[in-house]
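Peer 1: One structure follows; several queries about it will come next.
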Amino acid sequence: MIFDNDDDSIYVGPPVDGEMIRQAQEALGVRLPASYLDLLQVQNGGILRNRCFPTIFPTSWASDHMCVDVILGIGGEWGIDLVSSRLIAEWEYPEIGVVLGITPSAGSDTIMLDYSEFGTQNDPSVSYVDEDRVSRRIAGSFAEFINGLVSCREYGEEAD
């Protein structure tokens, strides 16, 4: 299971259907990756079980990995279709795509679906955006990102 078992989290949106997906993609102006939409069929966003992702560069979290607490779904109070553009403007993130998750710093850094290389109608990569607003690719696809998440215990951190 990708998500923690906390279905009552404010980050869990309503069950996803085709119309919600169409509306979200229209609002965002992008085609969301199939692997992301497949995950939302299991649970529409929420708190992750494994929260750390290895990097080859230092992040605001650690010298060799980053941490993400939440993957945002669509619709609902914390849907990417509602909050991504607001977060980009509020935190002055680069306009490379869609804010995908919430990190422990809750704003000074983030992860994004990055459409800058392949365009808005192709599968995006996933980029980490640091506190200086520099974006760096951490995964070639959303599926690679999700499959690369590991327990933070692997980095000596006590709890996920």
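Peer 1: Which order do peptides 96-103, 35-42, 54-61 fall in by mean Cβ count within 10 Å, highest first?
Peer 2: Values: 96-103: 21.4, 35-42: 16.6, 54-61: 15.0.
Averaged packing, sorted descending, gives the order 96-103, 35-42, 54-61.
Peer 1: Cα convex hull of the chain: how many Å³ per residue?
Peer 2: 100 Å³
Peer 1: Need the C-alpha centroid separation for the range 118-160 versus the range 1-30, integer Å.
Peer 2: 19 Å
Peer 1: Follow-up question, since we're still on this one. In the range 104-146, whose amide N lies under 14 Å from the spot 7 Å out along Cα-to-Cβ of I56? List them in ranges.
Peer 2: Counting only backbone N, you get 136-140.
Every number in this text was worked out from the coordinates using simple rules, so none of it is lab data. If you're wondering where the values come from, they're calculated on a predicted model, not measured in any experiment. A quick note on method: Cβ atoms are made from the backbone with ideal geometry, for glycine too, and the neighbour counts reach across all protein chains shown.
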